Amino acid sequence: MIGCVRDFFTYETTKSVVVKSSTIGIVNRVVQLLIIAYFVGWVFLHERAYQVRDTSIESTVITKVKGLGLYNNRIMDVADYVTPTQGASMFCILTKLINTEDQIQGSCAESEVAVANCTDDSDCTEGADAANGIMTGRCVEFDNSTKTCEIQGWCPAEIDTIKIEPMQEVENFTIFIKNSIRFPLFNFTKGTLLPSITQEEISTCKFNMSNIYCPIFKVGDILKFADQDFTKIANKGGVIGIKINWVCDLDRSAEECKPAFSFNRLDAISESNTVSKGYNFRFAKYYKSENGTEYRTLIKAFGIRFDIIVSGMARKFSVIPTLINVVTAFTTIGVGTVLCDIILLNFLKGGDKYKAIKFEEVSEIRGSLSNSNELYQGSSTQLSVQQLGKHSEDSGAYSIGQHG
Ligand SMILES: *[C@@H]1O[C@H](CO)[C@@H](O)[C@H](O)[C@H]1NC(C)=O
């Protein structure tokens, strides 16, 4: 019990032992070199631990589409084929439209034959949902050869299986993209539109990978960058991502903070899918005739949707991360000692002797020293110690205690 208490009230202090062994010396230096190389090469040069980062990029995108198309014997302008119209970072250029004109509320034959095929009234459940309306319970003639259930809803019902060509001119349409960003931590602002760009340049240039500051993108070029075939995507619809990535080292000049553009198809999964291929949606335009009946044109639209995704990160030198990482580096160099100790004490020849020198126990020394059996060699202090020659069980330390 007393022994335990006495053992608890002890103090450990470090003593340096210089080992003149070339094996352990080489291991020590190699380990230190590896640690230094890791910190210099990876932590400081590659990961740039001397800088603070700002990943909370603030960004806005303004878009404007230009071009005229000819479709269904009509000239289509921006207001006809871009939706939504606000010029946001996500918009859709309609490429193919299936119009069902002059629909009014009433009852008519269901157009979806697969859902509502019938031979007599008993095949049609009154009140059940069909594709385009609610069944009335009657079986009526759809065309000369087929009968379908009658529905109540917008009539005539849409037939969307007709084959029509997409609007070819979309390939030549241009999209103006203006992206402005800010890194709030450094209050740094930049944009894809350089202040030096002239009106003439904007009206003549086209974006390509070597002319990234031209804000005019041709739809055909974007599809090419994303490895997409225009006819295919215009027919079925699809989503194209335009990614703008800003990686800025603000220790360098602001000019070197450049956007990196990349283009890819975001709905790639729907290409390989047989159930829901592409992208389409429906909307309607409503009118009222002079006698007050409401009618509408239903439009099933296929289009290329563009999603502009902006991401970014800025970094700049800062004292605090530099200090923290320098201190970490120096502390980690000390880890090499642990490895060398393990090798020295366990795997090297004469490990026991090294143990004896490395671990030693000294009792409290009061006043004049008692008779010494042996003066500890190399020690400048007047410590008198006696070798007891006893290994302690757990640590393998060599115990040296005061005589008496
Ligand atoms: C697109 O523009 C090119 C060059 O101006 C022209 O040759 C081509 O016919 C246009 N394509 C369509 C579908 O109008």
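Quick notes on this one:
- Where the Cα pairs of the chain fall when distances are cut into 10 Å bins, in %: 4, 14, 15, 13, 11, 9, 8, 8, 7, 6, 3, 1, 0
- With N counted as the residues of the range 174-253, its alpha-carbon radius of gyration over 2.2 N^0.38 Å works out to 1.33.
- Alpha-carbon radius of gyration plus Dmax, which is the widest Cα pair, for the range 155-210 in Å: 20.6, 61
- Compared with the dominant Cα axis of the chain, that is its longest principal axis, helix 319-333 is turned about 50°.
- Pairwise centroid distance, computed over Cα atoms, of the range 91-155 with the range 231-305, Å: 30 Å
- Scaled to the globular estimate 2.2 N^0.38 Å, the Cα spread of the range 72-130, given as radius of gyration, is 1.80.
- By the Cβ distance rule of under 4.7 Å, the chain has these cysteines without a partner: C4, C92, C340.
- Cross-link table K64/K316; K206/K258; K236/K285; K66/K288; K66/K316; K206/K316, entries beyond 29 Å C-alpha to C-alpha: K64/K316; K66/K288; K66/K316; K206/K316
- Calculated diffusion of the range 180-224, Stokes-Einstein form, Kirkwood radius summed over Cα pairs, 25 °C and 0.890 mPa s, µm²/s: 203 µm²/s
- With 20 Å as the limit, the listed pairs K190/K243; K218/K243; K96/K300; K277/K300; K96/K178 have K96/K178 beyond it between alpha carbons.
We did not get these values from a lab; they are worked out from the coordinates using the rules stated. Nothing here was measured: the structure is a model prediction, and the numbers come from that model. Ideal geometry is used to build each Cβ from the backbone, glycine not excepted, and the neighbour counts take in all protein chains shown.
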